[in-house]
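Please treat every number below as a calculation from the coordinates, not as lab data. Keep in mind the model is a prediction, meaning the values are calculated, not measured. With ideal geometry, Cβ positions are generated from the backbone for all residues, glycine too; neighbour counts draw on all protein chains shown.
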Amino acid sequence: MITLDLRGEVCPFTFVKTKVKLEELKPGELLEVILDHEPAVRDVPRSVEAEGHEVLSVEKIGDKEWRIVIRKR
């Protein structure tokens with residue numbers, strides 16, 4: 001699993017950087033995205049699913065941090 005740490009980034013850069021990283025992966029590979037921008041916790045999963053990828057989990061891992069796991073399609 002590849003980890004993309006986007007703490008300190010805001011929308012739309014959180015999705016743009018996630019999309020670019022997903023383009024580097026092979027189908028079936030997993031991407032873990034760490035975020036601390038609350039709107040991105042809703043926007044990134046919705047946007048990557050619209051691109052055809054699978055969101056496996058969204059979980060809160062800290063006071064203001066979330067972890068999203070995505071499988072590239």
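Can you give the angle from 0 to 90° between the axis of helix 13-24 and the longest principal axis of the chain, with both taken from C-alpha atoms, to the nearest 10? For 13-24 against the chain, the angle is about 30 degrees.
Structure remark: mean-square fluctuation, Gaussian network model of the chain, C-alpha springs under 10 Å; the largest value among L22, L31, L56 belongs to L56. Approximating the spin labels as points 7 Å out from Cα along Cα→Cβ, the K19-to-D5 distance works out to 2.5 nm.
Note down the relative contact order for the chain as a percent, whole number, built from C-alpha pairs under 8 angstrom at least six residues apart. Normalised by residue count, the contact order of the chain is 36 percent. Modelled spin-label separation between R73 and E54, with each label point placed 7 Å from Cα along the Cα-to-Cβ direction: 1.0 nm.
For the chain, adding -39500 (n - 2.57) for each run of n ≥ 4 DSSP H residues and dividing by the number of residues yields -10500 deg cm²/dmol at 222 nm. Computed on the Cα trace of the chain, the radius of gyration divided by the Kirkwood hydrodynamic radius gives Rg/Rh = 0.92. Computed from Cα atoms, the angle from the helix 38-50 axis to the main principal axis of the chain rounds to 10 degrees.
Computed about its Cα centre, the charge dipole of the chain is approximately 160 debye, with only Lys, Arg, Asp and Glu carrying charge at their Cβ.
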